[in-house]
Amino acid sequence: MRKKLACLLLTLLFLFLGTVSAAATDSDLAGQGGGTGTRLSYTNYAYTALSISSSGVATCASLIQGYPGVTTKVAIEMTLQKRFLLLFWTDEQTWSQTFTGDYGSLEKTKSVSSGTYRVSTNYTAYSGANYEVVTGTSQSVTY
């Protein structure tokens with residue numbers, strides 16, 4: 001229950017702050033805060049978001065929700081990227097964390113200079129020795 005409440009509160013926070021968001025690969029869960037979502041064997045939902053304040057502080061957030069009784073561990077590797085020469089992205093900062101159970105969320109901040117940014121996140125959901133990887137990318141935000 002606590003995990004579901006935390007997930008809901010994070011989603012509402014992203015919507016309230018007017019963040020730009022998108023999540024993993026397929027669009028089975030379209031329409032959540034302007035993003036898309038994915039349903040897989042061990043991943044119920046994955047969400048990736050980026051917002052940049054008027055003072056240049058980027059807030060990067062990622063969360064993954066697995067299936068209770070199925071997903072045993074989740075891991076998040078979240079990277080803030082900056083656009084380079086219109087076609088390329090360079091990594092500015094990477095954070096990672098592993099969580100026991102079926103839920104994990106990671107939120108980090110970083111001061112940024114002018115430019116266009118996005119967050120790219122690799123989510124790994126485990127069920128015992130089996131696992132699957134989902135990649136989520138936020139929409140780009142210009143500061």
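The values are calculated or read from the model by the stated rules, or taken from the named source; none is laboratory data. All values reported here derive from a predicted model rather than from experimental measurement. Here the Cβ positions follow ideal geometry from the backbone for every residue, glycine too, while neighbour counts run over all protein chains shown.
All of THR98, THR71 fail the test of being at pLDDT 95 or above, in a strand (DSSP E or B) and not acidic (Asp, Glu), apart from THR98. Scanning the range 49-64 for any residue that is in contact (Cβ under 8 Å) with a residue 60 or more places away in the chain and farther than 21 Å from THR142 by Cβ turns up at least one such residue. Picking from residues in the range 122-139 that are more than 13 Å from the chain's Cα centre (by Cα) and in contact (Cβ under 8 Å) with a residue 12 or more places away in the chain, the one that is surrounded by the most Cβ atoms within 10 Å (Cβ to Cβ) is ALA125. On the stretch given as the range 100-121, residues that are crowded, with 17+ Cβ neighbours inside 10 Å and closer than 24 Å to THR72 by Cα total 7. Annotation: of all residues in the range 34-64 being surrounded by fewer than 17 Cβ atoms within 10 Å (Cβ to Cβ) and out of contact with any Asp or Glu (no Cβ under 7 Å at 6 or more places or on another chain), the one that is modelled with the lowest pLDDT is GLY34.
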